[in-house]
Amino acid sequence: MPNALAANDRPAAPPFTARMTSPPPDQPASAASEAVGDAVADRLSALARFTDEPGRLTRLYLGPAHRAAADEVVRWMREAGMSALIDAAANVVGRYEGAAPDAPAFLLGSHIDSVRDAGRFDGPLGVLAAIAAVGDLARRGRRRPFAIEVVAFGDEEGIRFPTTLTGSMALAGRFDPRCLDDVDADGISHRDALIAFGCDPAGIPALARTGGRALAYLEAHIEQGPVLERRHLPLGIVSAINGVSRGAVEVTGGAGHAGTVPMDHRKDALAGAAEMVLAVEKAARSGVVATVGQLVVPEGAVNTVPGRVRFTYDVRSADDTRRRAAVAAVHENVAAIAARRGLAAAISRGHEGDAVPADARLSEVLARAVTRQGIEPLRLPSGAGHDAMAFHRVLPLAMLFVRCRGGISHNPAEFASPADIGFAVRTLIDVLETYEP
Ligand code: GLV
Ligand code: MN
Ligand code: MN
């Protein structure tokens, strides 16, 4: 596996400050947390070596780097005192038994797939912080009345297939087997990719943590936004996760010679798509964000009028009605632009997820744990999507946000300090110690 990032090239700790409600008496909390967070930060650097692209971190769902990273996570889970395996949906699952065997599980999770040219914290931070928290319980021989399962999901970014969150959906009992027929950009089906990874898709229905097998789901994740940094807070508690609609548009015109086809005879798919991209941008309004993150001209050449273009859209909001209205406006405008320009535009809908509120009781347990770290328990919404969404109406869910530098994410400059990661680990330990089913 090519080395994208050396284990020790982690940036120096930034000059973060923490607004504390009550610093512990013996030593500054940030120093104690930094020691806890250092070990996790080292593992984040180690995991970042597993990449599909030399020189930068790209770990796509079910790719070779995902497989190698999953094997490493299995090793770390076992080292922390858990039994561990890779399940039929390519989730890495570590289990730490409760006081009695086969007790229902408290789930802690996040993901280990990444976007292209990613940072090392989006996803892995939640997985590795959870492993560290369980490792702490195991070292102390502490057992709770419930089991604890740590899950490293593999399909959170949703950039390989049209669907996403399929690993977490499997655990939530909401896996839609039709997604197995989806194909990636190379024509490889989701089913074949799972099988090549070593998974048996027939085993997916049995993964559901429904029917009393699980109690709750908690995810730690970097904030991916600037709120905590501005408020000088290392941690925050997610109030709700914004809903999302994704889709793709295939625009077909007529390819032609760039030198000979007169302008008024053209059916230029790219010029039409350019107007459509602006229509997506215009569909954003107060409380709604709308993005075209990918646009390809498959047969594009400098001397050819583009005949075919494909682009994606991603529309998000905390308000499902507004999100749906914005998507409807995108679809109407795409059709109108295509009709006016004599183009064909085929829209295929992708991942759809409504806004998801966090569970009030579990969030309160989390807020108390944050407060016990001496940190003001700020509640804030999540603009990004997370595996936690899959458990909506299935399990009580909550999320812990960790401050990240400049709010930067989906970017190699992504950074969370060891001290803040340490606060997150200590908070997870506190929740595991104080949660009552
Ligand atoms: C994941 O990062 C998403 O919100 O798209
Ligand atoms: Mn993420
Ligand atoms: Mn992400």
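Less than 5 angstrom separates the built amide H of ALA258 from those of THR304, VAL305, all sequence-distant by 5 or more or on a different chain. Computed from point charges on the beta carbon alone (+1 for Lys and Arg, -1 for Asp and Glu), the dipole magnitude for the chain about its Cα centre is near 620 Debye. The listed residues GLU433, GLU157, once ranked by accessible area (1.4 Å probe) with the largest placed first, stand as GLU433, GLU157.
Comparing Cα centroids, the stretch 148-190 and the stretch 77-98 end up 19 angstrom apart. Here the chain is treated as a Stokes sphere of Kirkwood radius computed over C-alpha pairs; at 20 °C and 1.002 mPa s its diffusion coefficient rounds to 95 µm²/s. Using a probe of 1.4 Å on the protein chains alone, the accessible area found for ARG174 is around 100 Å². Taking amide hydrogens as placed 1.01 Å from N in the peptide plane, the amide H of ALA220 sits under 5 Å from those of GLY109, LEU400, each at least 5 positions away in sequence or on another chain. Normalised per residue, the accessible area of the chain is 41 Å², obtained with a 1.4 Å probe and no contribution from ligands, DNA or RNA. Of the residues LEU171, PRO437, ALA80, the one whose Cα sits farthest towards the positive end of the charge dipole of the chain is PRO437 (charges of +1 on Lys and Arg Cβ, -1 on Asp and Glu Cβ, taken about the Cα centre). For SER417, the accessible surface of its heavy atoms amounts to roughly 10 Å² (probe 1.4 Å, protein chains only, rounded to the nearest 10).
Quotient of the Cα radius of gyration of the stretch 159-256 and 2.2 N^0.38 Å, N being its number of residues: 1.49.
Report the Cα centroid-to-centroid distance between the stretch 356-397 and the stretch 204-223 in angstrom, as an integer. Taking the Cα centre of each part, the stretch 356-397 and the stretch 204-223 sit 14 Å apart.
Of LEU295, LEU57, LEU85, the residue with the largest accessible area leads and the full order is LEU85, LEU295, LEU57 (1.4 Å probe).
Over the residues of the chain, the helix contribution to mean residue ellipticity at 222 nm works out to -10000 deg cm²/dmol, using -39500 (n - 2.57) for each DSSP H run of at least 4. Beyond 14 Å, the tail of the calculated P(r) for the stretch 202-261 holds 79 percent of the Cα pairs.
Computed over the stretch 162-203, the Cα gyration tensor eigenvalues convert (square root of 5λ each) into semi-axes of 17, 12, 8 Å, ordered from largest to smallest. Evaluated with a Cβ-only charge set (Lys, Arg +1; Asp, Glu -1), the stretch 243-353 carries a dipole of roughly 140 debye about its Cα centre, given to the nearest 20. Counting only Cα atoms, the size of the stretch 243-353 along its three principal axes is 49, 23, 19 Å, in decreasing order.
Within the accessible area of the chain, the carbon and sulfur atoms contribute 54%, probe 1.4 Å, all protein chains present. When all protein chains stay in place and ligands, DNA and RNA are ignored, the 1.4 Å accessible-area order of LYS282, LYS267, largest first, is LYS282, LYS267.
The values are calculated or read from the model by the stated rules, or taken from the named source; none is laboratory data. The structure presented is a predicted model; accordingly, all values stated were derived computationally and were not measured. A quick note on method: Cβ atoms are made from the backbone with ideal geometry, for glycine too, and the neighbour counts reach across all protein chains shown. Just the protein is used for accessible areas: all its heavy atoms, side chains included, with ligands, DNA and RNA removed. Shrake-Rupley method; radii C 1.70, N 1.55, O 1.52, S 1.80 Å.
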